[in-house]
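The values are calculated or read from the model by the stated rules, or taken from the named source; none is laboratory data. This is a predicted model, so every value here is computed, not measured. Positions of Cβ are generated from backbone atoms using ideal geometry, with glycine treated the same way; all protein chains shown enter the neighbour counts.
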Amino acid sequence: MIDQTWAERAAGSKLECEVNGKAVSAEITPSTRLLSVIREDLGLTGTKRSCEIGRCGACMVLVDGKPVNSCLTMAYQCSGKKITTIEGLAGEEMLHPVQQSFLEEGGYQCGYCTPGMIISVAAMLAENPKPSMEQIEEHMSGNLCRCTGYGGILRSIERAIERGGQSDDRG
Amino acid sequence: MLNRASSGSRWRERPDGRGKVTGELAYLTDRYAEGSLIGRILRSPHPFARIKSIDTEAAKAVPGVLAVLTHEDVPGVNRFGIVIQDQPVLCEDVVRYVGDAVAAVAAETDEAAERALGLIRVEYEVYETISSPEEALRPDGRKLHPDGNVLKHIQYSKGDVEEAFGRCAHIVEQTYKTPRQMHVYMETEGGLFVPEPDGRLTVYSPTQHGLKDRVQIANILAVPEENIRVLSSPIGGSFGGKDELNVQPYGALLAQRTGRPVRIHNSRAESVRAGIKRHPMTIRMKTGIDSAGRILAHKVSVLADTGAYATLGGEVLTNALENSLGCYVYENLEIEGKSVFTNNGVSGEFRGFGANQAIFALEGQMDRLAELSGIDPWKLRGINLRKENDPGAYGQEIYPTDGARQVWRAVLASSLKQEESRNRQDVIPDKPWIKTGYGSAIAMMGTGLGKGIPDPGGGRISLAPDGQIEVAFSYEEFGQGLLAALELMLIEHFGLFEEDLRLVIGDTDRVPESGSSTAARTTTMMWLALGKLVPEFKGKLFDAARERARLPSGQLTLGQGGIRLEDGTPVCTFAELAASGEPIVCEMSTAFPESPNGDFANRFLFVQAGTAVRVEVNELTGRVRLLDQYHAVAGGPVANPQGFLGQIEGASGMALGFTLTENAVMKDGRYAFGNLDAYLIPTIVDQSKSMRVEAIEEVPEGDPYGPRGIGEIGSVTLAPAIAQAIWNATGVRVSELPVDPALLQKSPQYLQEAVQPK
Ligand code: FES
Ligand code: FES
């Protein structure tokens, strides 16, 4: 026998996880996506919404250090996980080296793909600090940009590789 | 070549850069106001139908639903459109495309809004879909609009083409077809609409011209314009696609009705369904040359599918026809074009504005004529190029420009062209099905809106109470780097200091009318306006400083933070000056330069681009890869090197999609796809190869116009260059875009041999 109404089940549960180093909790239903928790509940709008089918990468965040499309990630899957959004990437005073590289090389125009793009690059370089062009292509093909023609993005990636994780230009 | 190293200190961090890389910059679709409702729109399920009845009772009864609006609830004009107001805000009797809005809902939650949409009962009498311009032109066809199915018909001729064709040594006649391209701005349409305590309404929604949206929204709401404030930047991409109103009327109506803030943010599927696209065009051209290669006659006929409503369809057609002549001189001409209403969505403004389609056809003609006559394709273009003081294509007076010859020479000297002339073929021994080829193309595009559309300019510079120098324009930042170009211009050319500046755009309460951010016009307009404003403003600052410090007349200069004597001694700070007297404000208005004569299109200021490419064709898969590209762009002094490079790279990316993969396919008035999984824009893989951009900055002596707009020209030359390269590689002529891989597939020799033994 089904002893819960639809509404009771849907009203569901609580997500407890860590976002950008802070413990958070949010009311979720079984169909809530991570993207909506981040944007709507937490107000972290640096993570963007564009296709909602996992094609464009605008919604990319790190879950336990791995890049995922938050539009495809169910919120309940994230319980107990450490999530990093673009807002949590920079240090207290310094930009993340990938952010710094995008800034210097002009790896953005409208900027709407940029947070997702930067998250993806950061994740790639964390795993492989010196990727080949083929590896870059493979890793970045899930992030669409309509403005730049990817020229500025490729220069930013190159710069970030040169930096080797250093954000400070004087360093 | 244009790059970071060659730009030196002119390569700067954009003023809007930090917010973009940190994610802190809130776009208008990121805004939220306390107590916001969700706004949703019910769109027509049919491409063409009569509305028999609309019943909203059940929808209104859904808990959490605060308003369900239909045409009966529009207090003002139930129409919008940039030039012709023919698109219903909420349809009352007829729906003309699958994105047409029939009702709008505001609710506390997404779920409630969704339920309400499902409960609105609309009865339709379905009409037969008019799914092509040809069908629309049938005399017995149903009319989409009272004046019939032709939005615009243009004809122009010079000399006698028929007689001239008789004298031609070679004639090429060909029909070209181009796709319905989608803008795919990564930020879909949306915004926040907030009723203010003082009775005004604040609209936070991306557009390319906030003041123009304000007029239209005021008309729809039946309120005075001053009661509306439109905040319209930053924008997550537009490319022409957000120039026309999209969700604004609905957000504004729902906020007005409920008295609560309303948020709307289109899903990608809704954006596909309702948003405008590039005009698909069928272009017939017949072009003849004499034995020396000179064009004697050129005949053009364009048929454009403008979809259900006018928006800028007429103007796009005008520009397509102007570009069907490119940068060549003709003895005899006959051009004709029609923009026709159909039930195929709505076509409108899109980067390149009709030039992309026309140049693909025109340059295709040149390459075919070259093949026919045995003249080298680039030489054939050189023979027919206009000269510096030649009039425009329609004989109209234009500002002298030698850009066509400049980019032509630059392409000729480029390493790609050199490589081509050495006829280097990269044959991969174990992959004989990979073929490489070279191609190039040239174009010339007018900037500004041309005849028939108001083309205002102007701006304001003032000393704010806090001592910052405020520079205000009604332009928008959708990524093109307008703010960066403006800042650099103010620093380099007008001697102001970054720290003293506050750039104000995208807020109708704070900007003067400078016209729309479109048609590659803003850079020139800012240059022209500042050229007048800054000297006047400095004069006023100096007068005020002299008065304040009781200085005799004498030379003063502007330093960082304040006014100084010639020797650098500080006189006063800007803050002191601001505190001490009358407000210091300079404002001006002007119009974009227009040709004094000419029959139509009347553009005056032109930019040119030449492009050379190398491609690889895989004859097993039919896939084409762009391996190398070179672009020479003559756009006057470079306003902002990073922006210039980015604009050409980005435009080339869009053009690559237009050429190889992008087509918003429609079947019987319905889109055959709903998202980016089936509509393919280029990825990093398609664009990771070599690309070089060269800016040709030379302008006539004493040139008053400064940097020209180069935001569009980069998108028009790539398609014909690739088409020629494909022919060069495979011998197959492409006349329809996007390139159909099946056209290029060959069954390999060994397979044929296996099937048909000798
Ligand atoms: S919004 Fe998640 S991939 Fe596009
Ligand atoms: S910068 Fe606009 S989509 Fe990438």
*Starting from the stretch B:560-582, keep only residues that are among the acidic types (Asp, Glu), then list their pairs with residues that are part of a loop (DSSP other than H, G, I, E, B) whose Cβ atoms are within a distance under 7 Å, requiring at least 6 positions of separation or different chains.*
B:GLU566/B:GLN555
_Checking B:ALA5 against (1) modelled with pLDDT of 95 or more; (2) more than 27 Å from B:ALA252 (Cβ to Cβ): exactly one of these is not met. Which one?_
(1)
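Taking the options A:LEU103, A:LEU62, A:LEU44, name whichever one is at the interface with another protein chain (Cβ under 9 Å from one of its Cβ atoms), aliphatic (A, V, I, L, M) and closer than 16 Å to A:VAL19 by Cβ. If you could, list the steps in order and put the result at the bottom.
On the way: A:LEU103 fails: closer than 16 Å to A:VAL19 by Cβ; A:LEU62 fails: at the interface with another protein chain (Cβ under 9 Å from one of its Cβ atoms).
The unique qualifying residue is A:LEU44.
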*Please work out if A:LEU35 is closer than 13 Å to A:GLY116 by Cα and assigned to a helix (DSSP H, G or I).*
yes
*Picking from A:MET60, A:MET140, which residue would you name as being crowded, with 22+ Cβ neighbours inside 10 Å and in the same structural domain as A:GLU18 (by TED's automatic domain parsing)?*
A:MET60
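How many of the residues making up the stretch B:209-248 are within 16 Å of ligand 2 (Cβ to nearest atom) and over 23 Å from B:VAL21 (Cα atoms)? Walk me through how you get there before you give the answer.
From the stretch B:209-248, those within 16 Å of ligand 2 (Cβ to nearest atom) are B:233-242; that's our starting set.
Okay, now just the ones that are also over 23 Å from B:VAL21 (Cα atoms), so B:240-242.
Adding up the residues that qualify gives 3.
Per-residue answers, yes or no, for (1) over 23 Å from B:SER652 (Cβ atoms); (2) hydrophobic (A, V, I, L, M, F, W, C):
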position	(1), (2)
A:ALA58	no, yes
A:ASP64	yes, no
A:PRO67	yes, no
A:SER70	yes, no
A:ALA75	yes, yes
A:ILE86	yes, yes
A:GLU105	no, no
A:CYS110	no, yes
A:LEU144	no, yes
*Among (1) of a type in the set (A, V, I, L, M); (2) within 14 Å of chain A (Cβ to nearest Cβ); (3) out of contact with any His (no Cβ under 7 Å at 6 or more places or on another chain), where does B:ALA729 come up short?*
(2)
_Just to verify a result, which residue in the stretch A:106-115, among those that are of a type outside the set (Ser, Thr, Tyr) and either more than 9 Å from chain B (Cβ to nearest Cβ) or assigned to a loop (DSSP other than H, G, I, E, B) (or both), is nearest to B:GLY236 (Cα to Cα)?_
A:CYS110
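Could you please let me know if A:GLY65 is more than 9 Å from ligand 1 (Cβ to nearest atom), without any contact (Cβ under 8 Å) to a residue 12 or more places away in the chain and surrounded by fewer than 18 Cβ atoms within 10 Å (Cβ to Cβ)?
So A:GLY65 fails the test.
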*asked:* If I go through the stretch B:1-39 residue by residue, how many of them are in contact with a strand residue (DSSP E or B) (Cβ under 6 Å, 6 or more places away or on another chain) and either closer than 30 Å to B:VAL411 by Cα or within 10 Å of chain A (Cβ to nearest Cβ) (or both)?
replied: 4
*the stretch B:167-188 - residue that is of a type outside the set (Ser, Thr, Tyr), away from ligand 1 (no atom under 15 Å from the Cβ) and within 17 Å of the chain's Cα centre (by Cα) and, of those, nearest to B:GLU363 (Cα to Cα)*: B:PRO179
*asked:* Test of understanding: among B:GLU363, B:GLU336, B:GLU349, B:GLU315, which residue is part of a helix (DSSP H, G or I), within 29 Å of B:ARG96 (Cβ to Cβ) and in contact (Cβ under 8 Å) with a residue 12 or more places away in the chain?
replied: B:GLU315
*Go through the stretch A:138-152 and give me each residue that's facing another protein chain (nearest Cβ under 7 Å), closer than 23 Å to A:THR84 by Cα and not in a loop (DSSP other than H, G, I, E, B).*
A:MET140
*Do we have A:THR73 as without any contact (Cβ under 8 Å) to a residue 60 or more places away in the chain, more than 7 Å from chain B (Cβ to nearest Cβ), touching a helix residue (DSSP H, G or I) at 6+ places or on another chain (Cβ under 9 Å) and closer than 26 Å to B:LEU28 by Cα here?*
yes
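Could you tell me whether any residue of the stretch A:82-89 is within 14 Å of ligand 1 (Cβ to nearest atom) and facing chain B (nearest Cβ under 8 Å)? Outline the logic, then answer.
Start the filter on the stretch A:82-89 by keeping residues that are within 14 Å of ligand 1 (Cβ to nearest atom), which leaves A:85-86.
Checking which are facing chain B (nearest Cβ under 8 Å) leaves us with A:85-86.
Yes: one or more hits.
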*So A:LEU95 clears everything in (1) within 11 Å of chain B (Cβ to nearest Cβ); (2) within 24 Å of A:ILE28 (Cα to Cα); (3) part of a loop (DSSP other than H, G, I, E, B) except one condition, right? Which one?*
(2)
*Would you tally the residues in the stretch B:640-684 being within 14 Å of another protein chain (Cβ to nearest Cβ), in contact with a Pro (Cβ under 9 Å, 6 or more places away or on another chain) and either at pLDDT below 95 or over 30 Å from B:LYS435 (Cα atoms) (or both)?*
2
*Residues in the stretch A:72-100 that are touching a Lys or Arg at 6+ places or on another chain (Cβ under 8 Å) and within 16 Å of ligand 2 (Cβ to nearest atom): how many?*
0
*Within the stretch B:623-630, is there a residue that is of a type in the set (Lys, Arg) and over 26 Å from B:HIS279 (Cα atoms)?*
no
*From the residues in the stretch B:189-204 that are away from every other protein chain (no Cβ under 14 Å) and in contact (Cβ under 8 Å) with a residue 60 or more places away in the chain, which one is nearest to the chain's Cα centre (by Cα)?*
B:PHE193
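When you scan the stretch A:12-24, how many residues do you find that are surrounded by fewer than 13 Cβ atoms within 10 Å (Cβ to Cβ), closer than 16 Å to A:GLU40 by Cβ and modelled with pLDDT of 95 or more?
First pass over the stretch A:12-24, keeping only residues surrounded by fewer than 13 Cβ atoms within 10 Å (Cβ to Cβ): A:14, A:21-23.
This time we only want the ones that are closer than 16 Å to A:GLU40 by Cβ, so: A:14.
Filter again for modelled with pLDDT of 95 or more, leaving none.
Qualifying residue count for the region: 0.
Output the residues belonging to the stretch A:92-107 that are within 16 Å of the chain's Cα centre (by Cα) and not hydrophobic (A, V, I, L, M, F, W, C). Let's see the steps before the verdict.
Restricting attention to the stretch A:92-107, the residues satisfying the condition of being within 16 Å of the chain's Cα centre (by Cα) are A:95-99, A:102.
Correct list: A:HIS96, A:PRO97, A:GLN99.
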*Name the strands (runs of 3 or more DSSP E) wholly inside the stretch B:190-293 in which the number of residues that are within 16 Å of ligand 1 (Cβ to nearest atom) is 1 or more.*
B:190-195, B:262-265
*What are the pairs, 6+ residues apart or on separate chains, where a residue within the stretch B:616-637 that is polar (S, T, N, Q) has its Cβ under 7 Å from a residue that is outside any loop (DSSP other than H, G, I, E, B)?*
B:ASN618/B:ILE434; B:THR621/B:PRO741; B:GLN629/B:THR611; B:GLN629/B:VAL613; B:GLN629/B:SER652; B:GLN629/B:MET691
*asked:* Looking at the stretch A:120-137 only, could you name the residues that are touching a residue at least 40 places away in the same chain (Cβ under 8 Å), more than 11 Å from chain B (Cβ to nearest Cβ) and either of a type in the set (D, E, K, R) or within 16 Å of ligand 1 (Cβ to nearest atom) (or both)?
replied: A:ALA123
*Limited to the stretch B:374-417, what total is found for residues that are assigned to a loop (DSSP other than H, G, I, E, B) and of a type in the set (Val, Ile, Thr)?*
3
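State whether one or more residues within the stretch B:40-62 are within 14 Å of another protein chain (Cβ to nearest Cβ) and away from ligand 1 (no atom under 16 Å from the Cβ). Give the steps one after another, and end with the answer.
Applying the first criterion (within 14 Å of another protein chain (Cβ to nearest Cβ)) to the stretch B:40-62 yields none.
Checked against the condition, which is being within 14 Å of another protein chain (Cβ to nearest Cβ) and away from ligand 1 (no atom under 16 Å from the Cβ), the stretch B:40-62 yields no hits at all.
For the stretch A:28-47, state whether one or more residues are of a type outside the set (Val, Ile, Thr), within 25 Å of B:PRO682 (Cα to Cα) and within 15 Å of ligand 1 (Cβ to nearest atom). Spell out the reasoning first.
Taking the stretch A:28-47 first, the residues of a type outside the set (Val, Ile, Thr) are A:30-31, A:33-36, A:39-44, A:46.
Checking which are within 25 Å of B:PRO682 (Cα to Cα) leaves us with A:35, A:46.
Narrowing the set further to residues that are within 15 Å of ligand 1 (Cβ to nearest atom) leaves A:35, A:46.
The answer is yes; a qualifying residue exists.
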